[in-house]
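One structure below.
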Amino acid sequence: MDGNGRWARKRFMPRFFGHKQGVDALVRTVQACADRGVEYLTVFAFSSENWKRPAEEVSGLMGLVLVAVSKYLTRLSDQGVRIRIVGDRTQVSDKVRQAWEQAEASTCHNTRITLSVAFNYGGRWDVVQACQQAVRLGLAPEEIDERRLAQLMALSFAPDPDLFIRTGGEVRISNFLLWQVAYAELVFSDCLWPEFGEAELDAALAEFARRDRRFGDVKAPERIEASAG
Ligand code: FPP
């Protein structure tokens, strides 16, 4: 969800205003995804590296969690949204942790769409914490394979993403779902996150539909040709 700061600056507003509008864009996007039958949506709300931002912005983002949960939790829950938080919870304040726990607990029976909010999350952190768990469980090296490690990762409850969308014009992954995006289709959009909505989502889905996914295999016509002779 990149581009909040630039969106606000373009309007001569503080960056926090962009993050605030970003929450509205998120709620809009969850609804649009649910309407289109998307069952899992994972968003990057706060990265392990975002602590480097000015203290005022960091505390603004933490405060926004509390505001967003109190403003939107009932609406999202009524729409059948299950909320899950992925990331290192040990470093966030008790208030933020409790807000996330409330969001998770009060939506745990919902099944229409799972919204995973990556918060104090990093793809590298996730790989490391999965390895740490493997060691704690006393797994032998031969017991560790891709399937076993995936079970220990923060998003083990969700299938690997089919589509990865980054807004804001940057063309990089920035430590998001490093392990899980191995075969995701990547779509980069110049749209700044607060402006993201149904039209941008549909454009990304249309782009996804045009991609030829082979997961390491050859193209289908070549497979038929090869088996024919
Ligand atoms: C990146 O844009 C965005 C973030 C670091 C924060 C994303 C957070 C939200 C959209 C709010 C959702 C929050 C909750 C509580 C779920 P940027 O600020 O780096 O934008 P820029 O590249 O234009 O400066």
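Checking Glu207, Glu185 one by one, the residue that is at pLDDT 95 or above, surrounded by fewer than 17 Cβ atoms within 10 Å (Cβ to Cβ) and not aliphatic (A, V, I, L, M) is Glu207 and no other.
Quick one: would you say Asp35 is within 24 Å of Phe208 (Cβ to Cβ) and free of Cβ contacts under 8 Å to residues at least 40 places away in the same chain? Yes, satisfied. Any residue at all in segment 119-128 that is farther than 17 Å from Val30 by Cα and either charged (D, E, K, R) or in contact with a Lys or Arg (Cβ under 6 Å, 6 or more places away or on another chain) (or both)? Within segment 119-128, one or more residues are farther than 17 Å from Val30 by Cα and either charged (D, E, K, R) or in contact with a Lys or Arg (Cβ under 6 Å, 6 or more places away or on another chain) (or both).
Regarding Val30, is this residue more than 20 Å from Val92 (Cα to Cα), crowded, with 20+ Cβ neighbours inside 10 Å, more than 7 Å from the ligand (Cβ to nearest atom) and in contact (Cβ under 8 Å) with a residue 40 or more places away in the chain? When the stated conditions are applied, Val30 passes them.
Looking only at residues in segment 82-114 that are touching a residue at least 60 places away in the same chain (Cβ under 8 Å) and touching a Phe, Trp or Tyr at 6+ places or on another chain (Cβ under 9 Å), which one is farthest from Glu49 (Cα to Cα)? Among residues in segment 82-114 that are touching a residue at least 60 places away in the same chain (Cβ under 8 Å) and touching a Phe, Trp or Tyr at 6+ places or on another chain (Cβ under 9 Å), the one farthest from Glu49 (Cα to Cα) is Ile113.
Given the structure, is Ala105 outside any loop (DSSP other than H, G, I, E, B) and either buried (at least 16 other Cβ atoms within 10 Å of the Cβ) or within 15 Å of the ligand (Cβ to nearest atom) (or both)?
Values: outside any loop (DSSP other than H, G, I, E, B): yes; either buried (at least 16 other Cβ atoms within 10 Å of the Cβ) or within 15 Å of the ligand (Cβ to nearest atom) (or both): no.
Spelling it out, it is not the case that Ala105 is outside any loop (DSSP other than H, G, I, E, B) and either buried (at least 16 other Cβ atoms within 10 Å of the Cβ) or within 15 Å of the ligand (Cβ to nearest atom) (or both).
Take Gly122 and tell me if it is at positive phi, within 14 Å of the chain's Cα centre (by Cα) and crowded, with 17+ Cβ neighbours inside 10 Å. So Gly122 does not fit the description; no. Counting only helices (runs of 4 or more DSSP H) wholly contained in segment 1-93, the ones carrying 3 or more residues that are out of contact with any helix residue (DSSP H, G or I) (no Cβ under 9 Å at 6 or more places or on another chain) occupy 55-78. Scanning segment 1-27 for residues that are charged (D, E, K, R) and closer than 25 Å to Ala158 by Cβ, we see that the one that is farthest from the ligand (Cβ to nearest atom) is Asp24.
The values are calculated or read from the model by the stated rules, or taken from the named source; none is laboratory data. Predicted, not measured: the structure shown is a model, and the values here were computed from it. Because the Cβ atoms are built from the backbone with ideal geometry, glycine has one as well, and the counts that use them run over all protein chains shown.
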